[in-house]
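A short write-up of the structure that comes next.
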Amino acid sequence: FPLARRSPASPHGQWKARNSLEKQHRALMEQLGVKLEVLPDGQQRWHGCRKDTPRCFGTIHAQTPQYLLAGRWTPPCCLRALRATARHVVAELEAAGVRYWLEGGSLLGAVRLGDIIPWDYDVDLGLYREDAAKCRWLAAVLATGRPVEDPQGFFWEKAAEGDFFRVHFSRANRLHVDLWPFYVRPGGVMTKDTWLGHRQDVEFPESFLVPLVPVAFAGVAAKAPNDPRAFLELKFGPGAIESPEYPNPGVRRLAQDVDGEPPR
């Protein structure tokens, strides 16, 4: 039967209808796991985590986040937050004159892509331990032992797991940059006091850091060891750049998600 004619909706009724459709749309995006929606006019609408929300994944077990177990890579909203945090930390360290460099998988991402590896869940930077107090936020953490929130809402603290620092995207959103304090031991070897058993956790000659060189990373020029290939192969083994691997291949291997072919 044909629909009966209805009088035009009131402004309040129109608002309720739009609000209802928007809620349904957001619920659908959440159900499908969509974090970034590209609209027909080219604009972007984000449905993932923000400064005032938790990150999109929970506690990481065996160096393997939940999204990898589900056969997915890092949600785009989480990568966006990691990039913003990395750029902020790099800018603060540069302004303070702290000698720092990209470490581990973050350096690998810079060499391969000029960006964070698309399955990574944090950013790692090394720094000279004696330079830490040059950065006002690290100095405040060292002086009080308490976390510090800077004016941009980034949250600086000493990590509970050992002698290193962590800078979070916000108090609520714990996507973070780890800052590892290294120092020179006799023989010109860089070492540190906390080792978490990661495969890239090895000592290395200070000559890799003299001088440091700039590399593109997450939208800025960050500092890196002067021979990135040799540094990465010392950390991860031969062919690390051409054949990267997930942090814990014993739980899940990259080949499971790229049909056995190394990613381009």
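At a glance:
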read-out	value
Residues of region 158-193 with amide N under 17 Å of the 7 Å Cα→Cβ point at D227	188-190
Non-local Lys pairs in the chain, i.e. 8 or more apart or on different chains, that have alpha carbons under 24 Å apart	12
The chain - mean residue ellipticity at 222 nm from DSSP helices (-39,500 (n - 2.57) per run, n ≥ 4, rounded to 500)	-9000 deg cm²/dmol
Theoretical gain in end-to-end length, H12 to R50 [0.36 nm per residue, Cα-Cα removed]	10.7 nm
Length added when fully stretched, D163-T191, from 0.36 nm per residue minus Cα-Cα	8.9 nm
Kirkwood hydrodynamic radius (C-alpha pairs) into Stokes-Einstein, region 147-264, 37 °C and 0.692 mPa s, D in µm²/s	195
Most to least accessible of R185, R50 (protein chains only, probe 1.4 Å)	R50, R185
Sites D41 and V258 - FRET efficiency at Förster radius 41 Å, r taken between beta-carbons, to 0.05	0.80
Potential extension, A91-W73 segment - 0.36 nm per residue separation minus Cα distance	3.8 nm
Heavy-atom accessible surface of the chain: percent carbon and sulfur, 1.4 Å	54
The chain, accessible area per residue, ligands and nucleic acids excluded (1.4 Å, Å²)	53
Label zone at R136 (point 7 Å along Cα-to-Cβ), backbone N below 15 Å, region 72-102	89, 91-98
Relative contact order, percent, the chain [alpha-carbon distance under 8 Å, six or more residues apart]	17
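The values are calculated or read from the model by the stated rules, or taken from the named source; none is laboratory data. Just so it is clear, the structure is predicted and the values come from calculations on it, not from any experiment. Positions of Cβ are backbone-derived with ideal geometry, glycine not excepted, and every protein chain shown enters the neighbour counts. Remember, those area values only see protein heavy atoms, side chains included, never the ligands or the DNA or RNA. Shrake-Rupley method; radii C 1.70, N 1.55, O 1.52, S 1.80 Å.
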